[in-house]
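Here's the structure, in structure tokens; my notes come after.
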Amino acid sequence: MSTLGRFAYDAMPRYAFRAPPELRGEDRRHRVAIVGAGPVGLTLAAGLARHGVPCVLIEPREQASFGSRAICLSRRSLEILEGFGVAGGILAQALPWTDGTSFWRGHEVLRFAMPHDADQKHPPMVNLQQCFTEQALIDALADRPEVELRWLSEMRAIEPGPDGVLLHIGTPEGSYDLEADWVVATDGARSPARQALGLHLEGESHDGRYLIADIRLHSHHPTERRAWFDPPSNPGSTLLMHRQPGDIWRIDYQLHPEEDEHAAQREEAVRARIGAHLARLGEPAEYELILVSVYRAHCRTLPAYRHGRVLFAGDAAHLLPIFGVRGMNSGIEDAGNLAWKLAAVVAGEGGEALLDSYSAERVHAARRNIAEARKSTLFMTPPSRGHALLREAALSLSVGNGWARTLVNPRQSTAIAQPDSPLSTPEQGEWPAGTPGPGAVLPSVPLTLPGGGAGHLLDLLGPRPTAVVVAGDAAAETVLAGTPGVTLLRLGSGGEAGAGRATALLGLAAPGSGYLLRPDGHVAWRWRRFEAGAFAAALARLLGREGASA
Ligand SMILES: Cc1cc2nc3c(=O)[nH]c(=O)nc-3n(C[C@H](O)[C@H](O)[C@H](O)COP(=O)(O)OP(=O)(O)OC[C@H]3O[C@@H](n4cnc5c(N)ncnc54)[C@H](O)[C@@H]3O)c2cc1C
């Protein structure tokens, strides 16, 4: 990555090294150590803190990572970060958006809007430079006593054992050994932890390369995703444009197969391509070039994310193409899935089967993401003459043919359901179509909060499983109120919260019906007639303790 202009990226806060107790020879045993304080490690730390579990983060840098990198945060990521109490700083800066437009040569071929309606708490996507997302998380974690962030500390070796893991940490003041019950490797695409354990990502890498540039430009164009295929300004190329806060614009364009990567990154070469594009758009000719790098798409995943007491998340576990914005978002979803499970295991409330379910569920999600992102990558960087011809056919047919436009849809990241989760129990009774069954991610359900304000059901999920019932079923309420480790939420007249749209969105009409929800918002079970034994079995399964009493 080369930096050409000056921007706030150069002025991020720096953090001093503070010698930890282990360097003074004191023995410490940590519940959880997280290797790598990128967006995924930071989110996981926030999640563990939300569940009351202390953790130590090991990070070789002395500040947030440099530059814009992943700029699009999905609705699902915002829900997870908000549930962990760390979304505020991000939402205060980020630019929300819903729409996108694609062009082929001189024609508009697609105008899309991601699903959004009055029920939603968050927009489908917001844009914020990754370094600012990370800084907002660092700031939010500063006053969490459960989280200890060790800057200028590098994991140099990892020794997994049957009861714990030993990490060898290098620092400016010497090295020390760190013992932890559990280690989560969130140490990025090159993951030293993955390499040290001899693990390999499976999948494919694509040859197509994109140049990524950030420019500062005073433009009045609204925040949306724009894509140009074979544009008159850059014939034969594909170009993407996204707005970021601070009058910064991300411009990604495809390099020709024979193009020299280093020559393509020279300022005059970048300015020639971007200048031609801005001129066609009628944008100001004056702009500042902030940074430039080159990107190549990978579709790879580890086949399992749990290796004894070492777990993998984010880029350390899987590499996804930028098309459809699944890279950082899928890592945040990993952290959302893992935090409550690891917390339950550490607290002795859940079985280790929860951690196997983390691996199974998130590998499933990575494979779904790869399948979608691969299609987008083949469209954005056609690897052969045949793919290029097919793309041209789809784009040309899209001019004036509505049916062909689905072929050019960019397939933006969406929340991934877990229909085969080992933690789910088959639903009991009949439910209206379109309502979320076991494994689904809870939709945004607006309702009246306890105390009278407007809110959403997601705001009321606790750090433990939540049972949602229609108020008035005295027998169920008595059992559920007396079940340890379960938050009971009664909707409707006489309950803690108004039913609002829950009746329609969840199919919760009559007393007797209910949902059992996981702390990460996935549905674990739902019933039409409450029965204490069936509930206890579903709860035991949710907690990875099937066969044991809940
Ligand atoms: C130039 C660039 C542009 C990108 N653009 C996009 C984009 O447009 N859209 C998108 O979705 N994604 C994009 N990505 C990918 C996105 O940045 C990643 O998916 C995201 O950062 C993954 O987060 P992570 O926390 O898993 O890993 P990282 O952000 O890589 O964080 C890993 C952390 O581990 C630390 N670490 C490494 N080694 C050690 C060690 N030995 N000990 C302790 N800690 C260690 C690192 O210092 C780092 O802080 C881009 C990436 C790059 C590099």
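Just so you know, all these numbers are worked out from the coordinates, no wet-lab data involved. All values reported here derive from a predicted model rather than from experimental measurement. Here the Cβ positions follow ideal geometry from the backbone for every residue, glycine too, while neighbour counts run over all protein chains shown.
In sequence order, what are the phi-derived ³J(HN,Hα) couplings for segment 462-479 according to the Karplus relation 6.51 cos²θ - 1.76 cosθ + 1.60 with θ = phi - 60°, rounded to whole Hz, with x for glycine and proline?
x, x, 10, x, 10, 9, 10, 10, 7, 4, x, 9, 4, 4, 5, 4, 5, 5
Once the principal axes of the Cα atoms of segment 246-316 are found, what is the range along each, listed largest first in whole angstroms?
Projected onto the principal axes, the Cα atoms of segment 246-316 cover 56, 34, 18 Å.
Do me a favour and compute the ellipsoid semi-axes for segment 55-117 from its Cα gyration tensor, root of five times each eigenvalue, largest one first, whole Å.
Square roots of five times the eigenvalues give 32, 18, 9 Å.
How high is the relative contact order of the chain, given as a whole-number percent (alpha carbon pairs under 8 Å, six or more residues apart)?
Once divided by the residue count of the chain, the mean separation gives 15 percent.
May I ask for the equivalent-ellipsoid semi-axes of segment 272-389, computed as the square root of five times each C-alpha gyration tensor eigenvalue and listed largest first in whole Å?
One finds semi-axes of 39, 18, 10 Å for segment 272-389.
How large is the helix-only mean residue ellipticity at 222 nm for the chain, computed as the sum of -39500 (n - 2.57) over DSSP H runs with n ≥ 4, divided by its residue count, in deg cm²/dmol to the nearest 500?
Helix-only estimate at 222 nm: -8500 deg cm²/dmol.
Would you grab the residues whose amide H sits under 5 Å from the one on residue 184? Only those 5+ places off in sequence or on another chain, please, with H modelled 1.01 Å from N.
Here 33, 34, 35, 311 satisfy the definition.
Could you tell me what percent of the DSSP beta bridges with both partners in the chain are antiparallel, to the nearest 5?
70 percent
Order these by the 10 Å Cβ neighbour count, fewest first: 378, 167.
Placing the least packed residue first, the sequence is 378, 167.
With θ set to phi - 60°, apply the Karplus curve 6.51 cos²θ - 1.76 cosθ + 1.60 along segment 105-115 and write out the HN-Hα couplings as whole Hz, x wherever there is a Gly or Pro.
Taking θ as phi minus 60°, the curve returns 6, x, 9, 7, 10, 8, 10, 10, 10, 6, x Hz for segment 105-115.
May I ask which residue of 34, 492, 463 lies farthest towards the positive end of the charge dipole of the chain, with charges of +1 (Lys, Arg) and -1 (Asp, Glu) on Cβ and the Cα centre as origin?
492
Farthest toward the dipole's positive end in the chain, which of 384, 16, 222, given Cβ charges of +1 (Lys, Arg) and -1 (Asp, Glu) about the Cα centre?
Selected residue: 384.
Please report, for the Cα atoms of segment 219-267, the Rg to one decimal and the Dmax as a whole number; what are they, in angstrom?
Just the Cα atoms of segment 219-267 yield Rg and Dmax of 12.6, 35 Å.
If you project the alpha carbons of segment 1-82 onto the principal axes, what extent comes out on each, in Å, largest first?
Largest first, segment 1-82 extends 46, 32, 17 Å along its Cα principal axes.
Collect residues whose amide H, placed 1.01 Å from N in the peptide plane, falls under 5 Å from the amide H of residue 522; neighbours closer than 5 in sequence don't count.
HN-HN under 5 Å from residue 522: 442.
Given +1 on the Cβ of Lys and Arg, -1 on the Cβ of Asp and Glu, and no further charges, what dipole in debye does the chain carry about its Cα centre, rounded to the nearest 20?
Approximately 940 debye in magnitude.
Please report 328, 155 as a ranked list, fewest other C-beta atoms within 10 angstrom at the top and most at the bottom.
With the sparsest Cβ surroundings first, the list reads 155, 328.
For segment 445-550, give the share of DSSP beta bridges that are antiparallel, in percent and rounded to the nearest 5; count only bridges with both residues there.
About 60 percent, rounded to the nearest 5.
How large is the Kirkwood hydrodynamic radius of segment 411-549, counting all unique pairs of alpha carbons, in Å?
15.0 Å is the Kirkwood radius here.
Sorted by mean Cβ packing within 10 Å, highest first, what order do the peptides 310-318, 137-145, 196-204, 434-442 take?
310-318, 434-442, 137-145, 196-204
Using the Karplus equation 6.51 cos²θ - 1.76 cosθ + 1.60 (θ = phi - 60°), what ³J(HN,Hα) coupling, rounded to whole Hz, does each residue of segment 268-285 give in order, writing x for Gly and Pro?
5, 5, 5, 5, 4, 5, 5, x, 4, 5, 5, 4, 5, 7, x, 7, x, 6
Mind putting together the pair-distance distribution for segment 346-389? All Cα pairs, 10 Å bins, whole percent per bin, short to long.
24, 28, 20, 15, 10, 4
Please list, ordered by chain and number, the residues whose modelled amide H lies under 5 Å from the amide H of residue 495; skip anything fewer than 5 residues away on the same chain.
Close amide H contacts, sequence-distant or interchain: none at all.
Under the rule a/c < 1.5 gives rounded, and otherwise a/b versus b/c splits prolate from oblate, where does the chain land using the Cα gyration tensor?
Oblate is the answer for the chain, as a/c is 1.5 or above yet b/c matches or exceeds a/b.
Relative to the Cα centre, what is the charge dipole magnitude of segment 257-376, using +1 at the beta carbon of each Lys and Arg, -1 at the beta carbon of each Asp and Glu, and rounding to the nearest 20 debye?
500 debye
Among 483, 448, 165, flag the residue with its Cα farthest along the positive direction of the charge dipole of the chain, charges on Cβ as +1 for Lys/Arg and -1 for Asp/Glu.
Final value for the positive-end residue is 448.
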